[in-house]
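*Asks:* My structure is below; once you've seen it, I'll send some questions.
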Amino acid sequence: MLVLSRQRDETIMIGDEVQVTVVDIRGEKVRLGITAPPHIPVHRKEVYEAIQREGQAEGKKVESLAKKKPPESESE
């Protein structure tokens, strides 16, 4: 893990397209501003993990539906 020290209004770059700026510091909380192109999703970790769990649940639903689906018959 790379650990950097930044002060308010200072920015770090991730690659050529993602900027992370320290917007505010209040006690134990640091507010970050993230600028990224639309094709790069940005989420808090807990939101990302919830999205992953939902995706896995949907995948399981699709698998179970596929198992229940009767085989298609050819009618010619």
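The values are calculated or read from the model by the stated rules, or taken from the named source; none is laboratory data. Source: prediction; values computed, not measured. Cβ: placed from backbone, ideal geometry, glycine included. Neighbour counts: every protein chain shown.
*Asks:* List the residue pairs whose Cβ atoms are under 7 Å apart, where the first residue sits in region 8-27 and is closer than 23 Å to Ile40 by Cα, the second is surrounded by 11 or more Cβ atoms within 10 Å (Cβ to Cβ) and small (Gly, Ala, Ser), and the two are 6 or more positions apart or on different chains.
*Replies:* Glu17/Ala36; Val18/Ala36; Thr21/Gly33; Val23/Gly33
*Asks:* Of (1) of a type in the set (D, E, K, R); (2) surrounded by fewer than 11 Cβ atoms within 10 Å (Cβ to Cβ); (3) at pLDDT below 95, Glu49 satisfies all except one. Which?
*Replies:* Unmet condition: (2).
*Asks:* Which condition breaks for Gln19 when tested against (1) in a helix (DSSP H, G or I); (2) surrounded by 10 or more Cβ atoms within 10 Å (Cβ to Cβ)?
*Replies:* Only one criterion is unmet by Gln19, namely (1).
*Asks:* I need the full set of residues from region 14-37 which are among the hydrophobic types (A, V, I, L, M, F, W, C) and closer than 21 Å to Met1 by Cβ, in order please.
*Replies:* Ile14, Val18, Val20, Val22, Ile25, Val30, Leu32, Ile34, Ala36
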